[in-house]
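Written below as structure tokens is the structure these notes are about.
The values are calculated or read from the model by the stated rules, or taken from the named source; none is laboratory data. It should be emphasised that the depicted structure is a prediction, and the values quoted were computed from it without experimental measurement. Here the Cβ positions follow ideal geometry from the backbone for every residue, glycine too, while neighbour counts run over all protein chains shown. Only protein heavy atoms, including side chains, enter the accessible area calculation; ligands, DNA and RNA are left aside. Shrake-Rupley method; radii C 1.70, N 1.55, O 1.52, S 1.80 Å.
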Amino acid sequence: MTHTSPFRRFRRSSAFLAVAVAGMFAVVVPLWAQTTGQGDGVPTGGAERYDICMKMAFGTPELALNEANAWGKEGGGLPAEHCASVALLNMGRLEEGASRLTAMADAMTGMRPELRIGAYGQAGQAWTMAGDSKAALAAQSKGLTLDPDNVELLIDRSFSHALTRDFWAALDDLNKASDLAPNRPDILVYRATTYRFLETPELALDDANRALVLAPDLPEGLLERGILRRLTGDETGAKADWERLIQVAPQSAAAQSARQNLERITKP
């Protein structure tokens, strides 16, 4: 059976509350790739088996789950558990995979912090996909306790806050992320969306404009600025942004939203 991995590369949508449709998260990467030192939890001779299992988790997840469970009984430890968790996610068993990822991260005491932070980040992504924003927040906050300046986790947590409609908390995380990475146009777009939900269109439009100075054809930036232009009465500017978006990224989720918006404003 052919499977489409839910963790194939998705861009974070500029419309926070459309995340379930547009998707947003990065590929789950092997946590133990090139990390076979003492204390990393890889059993002797296990690095190659882990690599094989993880590849199976994306192509043939049922087989990967059987392999990971068997390996776990043989002493595969946390790498086997990670492979099993990712296989479950790719089988569509999202809550089970997310729960096992979280338990795995909690059990990674004594390992290098970056490994555990990565595990909490993946758990947060999985919980979001499973529709449990509170559990996602809990996992992301645990990761940020270990690394308060982790930009990607701050962005991810801002989405979880927004999905629970706590836009002020989302703004706090995005402000910190922007301070840490001031030239990231994607962060500016996410913050523009947050300002829009907070009904401060001037600040939102300023961030959208700044993002598009840094990346003129950023699909999410064009979508968001078009929305903001429409809200502030600039229908011509909105149409220009959405038409440009469709031209530069016709197959993107943002382009689909742009087409829908154009249909709304062109209907008699």
Of all the residues that make up segment 199-219, how many are in a loop (DSSP other than H, G, I, E, B) and either more than 22 Å from the chain's Cα centre (by Cα) or crowded, with 22+ Cβ neighbours inside 10 Å (or both)?
4
Filter result (open to solvent by 50 Å² or more (accessible area, probe 1.4 Å), part of a helix (DSSP H, G or I) and in contact (Cβ under 8 Å) with a residue 12 or more places away in the chain) within segment 139-152:
Lys142, Leu146, Glu152
Out of curiosity, is Ala177 closer than 21 Å to Glu152 by Cβ and open to solvent by less than 50 Å² (accessible area, probe 1.4 Å)?
yes
Can you say whether Ala192 is part of a helix (DSSP H, G or I) and closer than 22 Å to Ala98 by Cα, as far as the supplied structure shows?
no
Is it the case that Arg100 is in contact with a helix residue (DSSP H, G or I) (Cβ under 7 Å, 6 or more places away or on another chain), closer than 20 Å to Tyr50 by Cα and among the charged types (D, E, K, R)?
yes
Output yes when any residue across segment 153-162 is surrounded by 15 or more Cβ atoms within 10 Å (Cβ to Cβ) and polar (S, T, N, Q), and no when none is.
yes
Which members of segment 130-185 meet the condition of being touching a Leu at 6+ places or on another chain (Cβ under 6 Å), hydrophobic (A, V, I, L, M, F, W, C) and within 16 Å of Arg196 (Cβ to Cβ)?
Phe167
Just to verify a result, which residue in segment 223-268, among those that are open to solvent by less than 70 Å² (accessible area, probe 1.4 Å) and not in a helix (DSSP H, G or I), is modelled with the lowest pLDDT?
Ser252
For Tyr195, indicate whether it is touching a Pro at 6+ places or on another chain (Cβ under 8 Å) and either open to solvent by less than 80 Å² (accessible area, probe 1.4 Å) or in contact (Cβ under 8 Å) with a residue 60 or more places away in the chain (or both).
yes
So, in segment 67-100, of the ones that are free of Cβ contacts under 8 Å to residues at least 60 places away in the same chain and not in a helix (DSSP H, G or I), which residue ends up most open to solvent (accessible area, probe 1.4 Å)?
Glu74
Scan segment 163-174 for residues that are open to solvent by 50 Å² or more (accessible area, probe 1.4 Å) and either assigned to a loop (DSSP other than H, G, I, E, B) or among the acidic types (Asp, Glu) (or both) and jot them down.
Thr164, Arg165, Asp166, Asp172
Restricting the first residue to segment 47-66 and requiring it to be assigned to a helix (DSSP H, G or I), which pairs with a second residue that is at pLDDT below 95 and open to solvent by 70 Å² or more (accessible area, probe 1.4 Å) meet a Cβ separation below 7 Å and a spacing of at least six or different chains?
Ala47/Thr36
